[in-house]
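Please read the structure below before turning to the comments.
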Amino acid sequence: MFSLTCTKKVISCACCSFMLISASYFEESIKNKVKTKNQLHINKSLLFIGLVFLFSCQPQPGKPNKSQIPNSKLTKTYIDPAQGYSQAVAVEANGIQTIYISGQVGSGENFEAQFRDALSKLFKTLENAGATFDDVVKYNTYIVDYQPAYLDTFRTVRKELLGDKDMPASTLVGVQALGRPEWGVEIEAVAVVKGGK
């Protein structure tokens, strides 16, 4: 697909000038009652080329050009680093901070205990990153050997600890295994806050 995007005012002015000249030449030819089809065809071609230049030199809607995008410094903050990973990484740009929370695993004797513990660890990591669960925009829950019976427990505990209004996007996935045999539940999340919160 041919696409010409001009961002310089000079080029835009040149396109407009070419268009005006083409239109003027076409109008003058009609006034002088051009006799040959060949001359009329040339005049129409010039007008068409002028229109193409005029519209191709306009900014593309929805696509900001590089001059419209502010230069922003991207900063990363590593929260509670461990061997080979961090519990969270906060990335800030343009006054917005996105916090990526590593999977928080729960411990306990059954699914409910592990789910509660994993959420507790998620809350603590969010706090250490300067956020709360209200700032979470997406979270994923991974459950080993998932059974449909877990869904009622999942929903009950989730409503008790997280509420049920203005909830983030969520994915619940049944998996065969996690990193260690004793891990049965893992929750990861993404939160967004105003920078410097």
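The values are calculated or read from the model by the stated rules, or taken from the named source; none is laboratory data. On a predicted model such as this, the values are computed, not experimentally measured, just so you know. As a convention, Cβ positions derive from the backbone with ideal geometry for all residues, glycine included, and neighbour counts pool all protein chains shown.
Is it the case, given these coordinates, that residue 124 is modelled with pLDDT of 95 or more, part of a helix (DSSP H, G or I) and charged (D, E, K, R)? In short, yes. In the stretch 78-92, of all residues being without any contact (Cβ under 8 Å) to a residue 40 or more places away in the chain and assigned to a strand (DSSP E or B), the one that is farthest from residue 179 (Cα to Cα) corresponds to 91.
Restricting the stretch 94-121 to residues that are part of a loop (DSSP other than H, G, I, E, B) and either surrounded by fewer than 21 Cβ atoms within 10 Å (Cβ to Cβ) or not assigned by TED's automatic domain parsing to the domain that holds residue 190 (or both), the residue that is nearest to the chain's Cα centre (by Cα) is 94. Considered as a group, the residues in the stretch 153-197 that are in a loop (DSSP other than H, G, I, E, B) and among the aliphatic types (A, V, I, L, M) include one that is farthest from residue 136 (Cα to Cα), and that residue is 177.
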